[in-house]
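Chemist: Let me give you the structure first, and then I'll get to my questions.
All of the numbers you see were taken from the coordinates with simple rules; none came from a lab. These numbers come from a predicted model, not from an experiment. Positions of Cβ are backbone-derived with ideal geometry, glycine not excepted, and every protein chain shown enters the neighbour counts.
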Amino acid sequence: MTRSPVAGLGVGAGWRPAVAEELLTQTRNGMRFSEVVAENVVPSRLPEQLAAALRGGLTVVPHGVTLGLAGGAPPDAARLDHLAAVARATGAPLVSEHVAFVRAGRPDPGTDALHADVLEAGHLVPAARTPDALAVLVDNVRAAQSRLPVPLALENIAATLAWPETSIDEPEFLTALTEATGCFFLLDVANLHATCSALGGDARAQLDRMPLDRVAYVHVAGGFTDPSGVYWDTHAHDLTEEVLALLGHVVEVLGPHGPPVLLERDTDVDAAIVRTELDRVRRAVDRVPA
Amino acid sequence: MSREELAQRQQDVLLALLRGDVPAGFDQRSAALTTRVLRTKRRSEAFAAAPQLRGVPDVADRFDTWAGAHPRHGCAHDDVVDFLVADDGPLPEPLASIRSVERVYRRVRTIGRDRRPRHRPWVVALGDRVWHVGPRTPRRRVDPVRSGVPDAAGKNS
């Protein structure tokens with residue numbers, strides 16, 4: 001097992017402007033781990049509370065959302081450089097992104113970005129899992145790694161789309177990816193629960209086959225289950241018992257002092273909600289015997 | 001499959017999903033769920049960029065219908081303005097004035113009405129220039145953002 005660069009940092013919450021003051025207070029009270037969406041910050045002008053928390057010892061992982069590493073095009077150098085700059089500005093030991101594509105098509109050489117034949121998804125979209133797609137993804141990840149100053153962790157997304165050509169299941173695909181590139185795995189248990197609710201499969205059984213020896217840290221987030229049984233990973237609702245139970249299983253497997261756990265709450269959020277939800281995550285982690 | 005073929009395949013599938021079509025060979029339920037995800041995400045970002053849209057009756061359905069036929073080309077602000085220009089439904093101020101002015105700038109109309117405080121009331125396209133004419137309307141107690149479209153809120157990951 002490869003030790004996570006952020007192992008032992010406990011439970012934290014993602015940095016969001018709406019709760020910046022609360023997260024600074026949490027840091028002063030002992031929170032040691034957070035994550036910031038890289039596209040939302042300017043490296044030379046970090047938000048005041050974030051800079052204060054960094055000075056207070058908080059470890060912050062820059063989390064990219066627009067690289068689209070599973071796309072057909074190589075990762076954009078400017079986006080990679082921005083992610084690298086945020087990593088340097090925050091002193092991060094690690095950066096993270098997703099196994100997804102976010103735009104499709106390829107600009108002709110010399111075409112400016114606004115007029116390129118590129119379609120923006122506006123969201124993380126799962127790619128087909130085939131040997132050819134894996135080869136392109138591995139190439140893209142290696143290109144990213146060569147331009148980043150710290151290791152890269154890649155996250156499983158919440159998928160609702162099943163490609164007919166897919167021939168490799170997600171645990172096998174992610175294991176092959178980590179083995180081929182040496183990247184870390186950002187395990188999102190809410191995403192795994194969401195994917196299984198939409199596309200079928202046993203989340204716990206799939207989880208046990210994931211590349212758990214490469215987990216850098218773990219995401220949890222809230223959501224809701226609609227009447228058809230599909231779980232929506234909204235980051236705007238409270239954590240569900242199903243996701244907390246899955247988190248408990250992860251901590252049992254990885255150990256309470258292993259990869260840290262990060263709460264993602266993006267909208268419908270205030271200080272009281274973050275405090276309550278962090279307490280729920282901490283209780284789920286603490287329930288597991290050391 | 002080469003890198004180029006993969007890019008083309010992803011583009012074809014994404015285009016169909018954004019339109020609300022089921023790409024050939026895909027399960028209908030899976031495609032419909034994904035279209036819902038993509039449309040909800042796009043609409044939520046647009047409404048975060050222009051919160052005034054949230055109170056407009058039927059606007060979510062109008063936006064989704066428009067979005068299905070018009071892939072997003074820029075940021076969420078651009079998306080809002082593109083939608084406003086194309087939408088013919090009722091809008092409150094300042095959105096109605098933004099739509100009217102932008103239609104003139106894009107030469108969809110040659111004349112537009114701007115009812116925002118401190119703006120000249122008429123906007124006219126003449127040749128390659130656009131003129132704002134007439135006396136400025138009086139300043140109201142609340143001074144809206146000049147563009148009427150405030151900054152975008154954050155995004156999720």
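Chemist: Between the stretch A:132-156 and the stretch A:244-273, what is the C-alpha centre distance in whole Å?
Modeler: 25
Chemist: A follow-up question, please. Give the relative contact order (percent, whole number) for the stretch A:5-55; include only Cα pairs under 8 Å separated by 6+ residues.
Modeler: Details: 36 pairs, mean separation 22.0, N = 51.
About 43 percent, as a whole number.
Chemist: Of the residues A:N40, A:N191, A:N140, which exhibits the maximal mean-square fluctuation in a Gaussian network model of chain A defined by a 10 Å Cα contact cut-off?
Modeler: A:N40
Chemist: Further question on the same structure: Where the only charges are on Cβ atoms (+1 Lys, Arg; -1 Asp, Glu), what is the dipole of the stretch A:24-182 about its Cα centre, to the nearest 20 debye?
Modeler: On the way: 11 positive and 18 negative charges, 171 e Å.
With Lys and Arg at +1 and Asp and Glu at -1, about 820 debye.
Chemist: If you take the beta carbon distance between A:R3 and B:Y105 as r and set R0 to 60 Å, what does 1/(1 + (r/R0)^6) give as a FRET efficiency, to the nearest 0.05? Kindly include the intermediate steps, with their values, before the conclusion.
Modeler: Working: r = 57 Å, r/R0 = 0.95.
Step by step, r from the Cβ atoms, then E = 0.55.
Chemist: Still on this structure, I have one more. How big is the stretch A:24-182 in terms of Cα radius of gyration and Dmax, in angstroms?
Modeler: Using the Cα atoms of the stretch A:24-182, the pair Rg, Dmax is 17.0, 52 Å.
Chemist: On to the next question. In chain B, if every C-alpha pair distance is counted and binned at 5 Å from zero, what percent goes to each bin?
Modeler: Taking all Cα pairs of chain B, the binned fractions are 2, 8, 15, 17, 16, 14, 10, 7, 5, 3, 2, 1, 0 percent.
Chemist: While we're looking at this one, here's another question. Angle check, please: helix B:59-69 long axis (alpha carbons) against the longest principal axis of chain B (alpha carbons), in degrees 0 to 90, nearest 10.
Modeler: Taking Cα atoms only, the helix is inclined about 60 degrees.
Chemist: Then there is this: Among rounded, prolate and oblate, which fits the stretch A:186-290 when a ≥ b ≥ c are the square roots of the eigenvalues of its C-alpha gyration tensor, a/c under 1.5 means rounded, and a/b larger than b/c means prolate? Kindly include the intermediate steps, with their values, before the conclusion.
Modeler: Values: a/c = 1.86, a/b = 1.07, b/c = 1.74.
Here the stretch A:186-290 falls in the oblate category.
Chemist: Please name which of A:G56, A:W163, A:V125 has its Cα lying farthest along the dipole of the stretch A:24-182 towards the positive end, using unit charges on Cβ (Lys, Arg +1; Asp, Glu -1) and the Cα centre as origin.
Modeler: Sorting the options by dipole projection puts first A:G56.
Chemist: Still on this structure, I have one more. Please report A:C196, A:C183 as a ranked list, fewest other C-beta atoms within 10 angstrom at the top and most at the bottom.
Modeler: Details: A:C196 21, A:C183 26.
Going from least to most buried by this count: A:C196, A:C183.
Chemist: Another question, if that's okay. When the Cα centres of the stretch A:23-69 and the stretch B:17-57 are compared, how far apart do they sit, in Å?
Modeler: So the two Cα centres are separated by 30 Å.
Chemist: List every residue whose amide H lies under 5 Å from the amide H of A:A216, counting only residues 5 or more places away in sequence or on a different chain, with H placed 1.01 Å from N in the peptide plane.
Modeler: Amide H neighbours of A:A216, under 5 Å, 5+ apart: A:F185, A:L186, A:L187.
Chemist: Given an 8 Å cut-off on Cα distances and at least 6 residues of separation, report the relative contact order of chain A as a percent. Don't skip to the answer; put the middle values down first.
Modeler: Working: 586 pairs, mean separation 58.6, N = 290.
So the answer I get is 20 percent.
Chemist: Also, quick follow-up: Can you compute the charge dipole magnitude of the stretch A:186-290 about its Cα centre, using +1 on each Lys and Arg Cβ and -1 on each Asp and Glu Cβ, nothing else charged? Give it in debye, rounded to the nearest 20. Intermediate results must be reported in sequence, preceding the final value.
Modeler: Numbers: 9 positive and 17 negative charges, 69 e Å.
Here the stretch A:186-290 has a charge dipole of around 340 debye.
Chemist: So what is the relative contact order of the stretch A:164-290, in percent, for Cα pairs below 8 Å that sit 6 or more residues apart?
Modeler: Here the relative contact order equals 23 percent.
Chemist: Once Rh is set to the Kirkwood radius over Cα pairs, what Stokes-Einstein translational diffusion coefficient, in µm²/s, holds for the protein assembly as shown at a temperature of 4 °C and a viscosity of 1.567 mPa s? Walk me through the numbers on the way to the answer.
Modeler: Values: Rh = 23.3 Å.
After rounding, the answer is 56 µm²/s.
Chemist: Here is a further query. Got a sec? Charge dipole of the protein assembly as shown, +1 on Cβ for Lys and Arg, -1 for Asp and Glu; which of A:A271, A:A194, A:A153 is way out at the positive end?
Modeler: My answer, from the dipole projection, is A:A271.
Chemist: Still on this structure: Per residue of the stretch A:179-192, what does 6.51 cos²θ - 1.76 cosθ + 1.60 with θ = phi - 60° give for ³J(HN,Hα)? Whole Hz please, x for Gly and Pro, Karplus curve as stated.
Modeler: Going residue by residue, I get 5, 6, 10, x, 6, 7, 10, 9, 8, 9, 6, 5, 5, 5 Hz, with x marking Gly and Pro.
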